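Take a look at the structure set out below.
The values are calculated or read from the model by the stated rules, or taken from the named source; none is laboratory data. This is a predicted model, so every value here is computed, not measured. Positions of Cβ are backbone-derived with ideal geometry, glycine not excepted, and every protein chain shown enters the neighbour counts.
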Amino acid sequence: MKHSLNIAIKNQSVAVERFLRVVRHRGFDLTHFQLNVDDGQYNVAMTVDSDKPIYLLTTQLTKLVDVKQVTLQSVHQQQAV
Amino acid sequence: MSLRNGDLLMTGAELTIDLLAKHGVKDVFGYPGGAIMPIYDALYGAPVKHYLTRHEQGAGFAAVGFARSTGKLGVCFATSGPGATNLITALADAMMDSVPLLAITGQVPTAAIGSDAFQEIDVLGMSLSCTKHSYMVERAEDLAEILQEAIHLAQSGRPGPVLVDIPKDIQMAQVPFQPWLAADDYLPQLDLNQVAIANELLSEAQRPVAYVGGGVQAAGAQNELMQFLEKTQMPAVSTLKALGSVLPDYEYDLGMLGMHGGQAANLAVQECDVLVCIGARFDDRVTGNLGKFAAKAKVIHLDIDAAEVGKRKPAKASLIADLKTSLPQLECFVTPDAWREHSKEMMVKHAWRYDYPGEKVFAPYLLNQLSQRMPSTGVVCCDVGQHQMWVAQHMKFSHPSNHLSSGGAGTMGFGLPAAIGAQVARPDDFVMTVSGDGSIMMNIQELATIRRNNLPVKILILDNQRLGMVRQWQELFFEGRYSETNLSDNPDFVQLAAVFGIPGQTITHANQVDDAITALVNSEGPYIVHACIDDKENVWPLVPPGAANDQMMTESAK
């Protein structure tokens, strides 16, 4: 199942590495990633794909020190092939 | 850098030591090297006492032992490159077991970073998966704030390791000190609806069990836990890390659950209808087959970390808060008589037996006797393997800070340096390590640290000339193909200790156990007992891989 998230993180390059590591390690594939700098912070829009429920990722991301906010935008049901 | 009136100028290295002292850090563990020399220079004559270990991993685990035996921050230093990589295992161990740890590493000068300089490793990158948070200081003016934030983060919320990597030029630069005030921590507020659901579940429970984890120690919530248990008289089971949280004289203490847990504990959990998870995380070594773990139970989960709730097993009610806040919110319904009586019957039926018929040293008997004869305030630091499980099964602890065992990471080599840290932290307490002949060799160099500092650490080695736990699995699950687990060429451990000026004795027979314990407990300085045990002795019971916790293998049924 695909999920779109918006994440606000500190404007530090290591912050991006840190949360992307969590995305991978917790079993979510990155299918879209966009990074903008705004008001001294990074705003990330990304889509991830996994069989796991998305709260398993959002709860892990939320507790990262660099992460200011995690917003779940939408859930996309994958079309049957 | 702009300076203001009143800013106190000192070097980055001096500021680092000064800040540690200001935060009450009196003891640190480490190993010097090129990129951290300014900090070691600032240590010279400083009020912070440094303990030189003989390997950076030893420094990391000594800091972990210091932290776990006191609840205070543990601090370790290492230089760049291999110094920092040698700390990584201790950081990972602290991450898995939520230990408040501050690691300070030297880094090559800022201008050299990224040039593959001598002893340059991307320590910040390496730290991402094994720290709660980490920094590389990029500007001298940021150092004070970063250090203060790091000290705060390591100890706040769910504790964990924090690393600060400081380039050498920043250690040598003049830096301002400005006090930094922690922003108000986000403290999760209890959801009163969830509290109501939890209390309704408790009011209806016929067979409740309290499943107690390491969070109780992290929160300092032993009193709140015992008040809850004493009022409810609820049977309690403990994880490896929680041992000591439930006081040993509690009538319904069923001991450790899980792969090598007691049968009474595992069966109670399998039969319970409400499982109150208190600062635990449904680790795979606890649950066995997760789908069959506590399958009849509705779960009430108490934890400060929201990410633990529902991670492995769904909860009917979740209380996300400090346990000192959440535990008193649970109403104390007295556990039904029938279930309490059943629990006690199971404890009697499955009580540990020490009537070993052989003439050899029986490790469970030795450890049980040791537990009864050592001071109740003593600290036991384990390594990892069969001896670790025997300690968990056969020794009693009155506080989790008295039982230091590498839980989540399961790190061999933990015990000896952790005992050094615990002895430094608690100089007036009896501190010992229980190790195996495999584990002790992983950080054997720290015998030199014991001698150097005249630490009265006691050492018990249970020697089966094997990597015993792996050998046990090879016997049971790999058709007796004993690949690389024979250690019959071990050194003579008593002679080895003697080289470091540590006296001791070897025992080989059951009738030597009592005298050896007497010598160990009564020795004023460090002492080693090398106990030779049967190489075929296994840890029982055992939940085989993939099985449910009520499918325990026992010695008679293997």
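A few comments on the model shown:
- Residues (more than 10 Å from the chain's Cα centre (by Cα), surrounded by 14 or more Cβ atoms within 10 Å (Cβ to Cβ) and within 14 Å of another protein chain (Cβ to nearest Cβ)) located in segment A:18-44: A:Arg18, A:Arg21, A:Arg26
- Residue match in segment B:263-278 (condition: in a loop (DSSP other than H, G, I, E, B), small (Gly, Ala, Ser) and away from chain A (no Cβ under 14 Å)): no
- Some residue of segment B:77-99 being assigned to a strand (DSSP E or B), within 30 Å of B:Ala307 (Cα to Cα) and modelled with pLDDT of 95 or more: no
- Residue pairs meeting the criteria (Cβ under 8 Å; at least 6 apart or on separate chains; first farther than 15 Å from B:Cys382 by Cα and at pLDDT 95 or above, in segment B:52-75; second among the aromatic types (Phe, Trp, Tyr) and assigned to a loop (DSSP other than H, G, I, E, B)): B:Leu52/B:Tyr31; B:Thr53/B:Tyr31; B:Arg54/B:Tyr31; B:His55/B:Tyr31; B:Glu56/B:Tyr31; B:Ala59/B:Tyr31
- Test: residue in segment B:80-90 that is within 14 Å of another protein chain (Cβ to nearest Cβ), over 17 Å from B:Leu15 (Cα atoms) and surrounded by 23 or more Cβ atoms within 10 Å (Cβ to Cβ): no
- Residue count, segment B:259-284 (criterion: free of Cβ contacts under 8 Å to residues at least 40 places away in the same chain and in contact with a Ser or Thr (Cβ under 9 Å, 6 or more places away or on another chain)): 1
- The sole residue among B:Leu181, B:Leu201 that is of a type in the set (A, V, I, L, M), part of a loop (DSSP other than H, G, I, E, B) and more than 14 Å from chain A (Cβ to nearest Cβ) is B:Leu181.
- The condition of being outside any loop (DSSP other than H, G, I, E, B) and within 25 Å of B:Tyr135 (Cα to Cα) does not hold for A:Val48.
- Filter result (surrounded by 23 or more Cβ atoms within 10 Å (Cβ to Cβ) and away from every other protein chain (no Cβ under 13 Å)) within segment B:148-158: B:Ile151
- Criterion: without any contact (Cβ under 8 Å) to a residue 40 or more places away in the chain, within 14 Å of chain A (Cβ to nearest Cβ) and in a loop (DSSP other than H, G, I, E, B) - qualifying residue of B:Glu145, B:Glu138: B:Glu138
- Scanning segment B:470-484 for residues that are in contact with a helix residue (DSSP H, G or I) (Cβ under 9 Å, 6 or more places away or on another chain) and of a type in the set (D, E, K, R) turns up B:Arg471, B:Arg481, B:Glu484.
- Verdict on B:Gly408 being buried (at least 24 other Cβ atoms within 10 Å of the Cβ) and either part of a loop (DSSP other than H, G, I, E, B) or without any contact (Cβ under 8 Å) to a residue 60 or more places away in the chain (or both): no
- Scanning segment B:118-135 for residues that are crowded, with 17+ Cβ neighbours inside 10 Å, within 12 Å of chain A (Cβ to nearest Cβ) and either free of Cβ contacts under 8 Å to residues at least 12 places away in the same chain or not small (Gly, Ala, Ser) (or both) yields B:Val123, B:Leu124, B:Met126, B:Leu128, B:Cys130, B:Thr131, B:Lys132, B:His133, B:Tyr135.
- The set of residues in segment A:1-13 being within 14 Å of chain B (Cβ to nearest Cβ) and crowded, with 16+ Cβ neighbours inside 10 Å consists of A:Ile9, A:Lys10.
- Selection status of B:Val175, assigned to a strand (DSSP E or B), more than 21 Å from B:Gly24 (Cβ to Cβ) and more than 12 Å from every other protein chain (Cβ to nearest Cβ): yes
- Just one of the listed residues (A:Asp66, A:Asp49) is away from chain B (no Cβ under 14 Å), charged (D, E, K, R) and surrounded by 13 or more Cβ atoms within 10 Å (Cβ to Cβ), and it is A:Asp49.
- Within segment B:355-365, the set of residues being touching a residue at least 40 places away in the same chain (Cβ under 8 Å) and more than 23 Å from the chain's Cα centre (by Cα) comprises B:Tyr356, B:Gly358, B:Glu359, B:Lys360, B:Val361, B:Phe362, B:Tyr365.
- Of the helices (runs of 4 or more DSSP H) lying entirely inside segment B:453-538, those carrying at least 2 residues that are touching a Ser or Thr at 6+ places or on another chain (Cβ under 7 Å) are B:468-477.
- Lone unmet requirement of (1) surrounded by fewer than 24 Cβ atoms within 10 Å (Cβ to Cβ); (2) touching a Gly at 6+ places or on another chain (Cβ under 8 Å); (3) among the aliphatic types (A, V, I, L, M) for B:Ala351: (2)
- Taking the numbered list (1) within 14 Å of chain A (Cβ to nearest Cβ); (2) touching a Leu at 6+ places or on another chain (Cβ under 6 Å); (3) in a helix (DSSP H, G or I); (4) farther than 30 Å from B:Leu240 by Cα in turn, B:Asp165 passes all entries but (3).
- Residues of segment B:251-308 classified as among the small types (Gly, Ala, Ser) and over 18 Å from the mean Cα position of the chain (by Cα), total: 11
- Tally of residues being outside any loop (DSSP other than H, G, I, E, B) and within 14 Å of chain A (Cβ to nearest Cβ) across segment B:293-331: 7
- If only residues of segment B:309-327 that are touching a Phe, Trp or Tyr at 6+ places or on another chain (Cβ under 8 Å) and at negative phi are counted, the one that is surrounded by the fewest Cβ atoms within 10 Å (Cβ to Cβ) is B:Arg312.
- Qualifying residue in segment B:188-198 (condition: touching a residue at least 60 places away in the same chain (Cβ under 8 Å), within 14 Å of chain A (Cβ to nearest Cβ) and either more than 30 Å from B:Glu341 (Cα to Cα) or in contact with a strand residue (DSSP E or B) (Cβ under 8 Å, 6 or more places away or on another chain) (or both)): yes
- Scanning segment B:199-248 for residues that are among the aliphatic types (A, V, I, L, M) and in contact with an Asp or Glu (Cβ under 8 Å, 6 or more places away or on another chain) turns up B:Leu202, B:Ala205, B:Ala219, B:Ala221, B:Ala236, B:Val246, B:Leu247.
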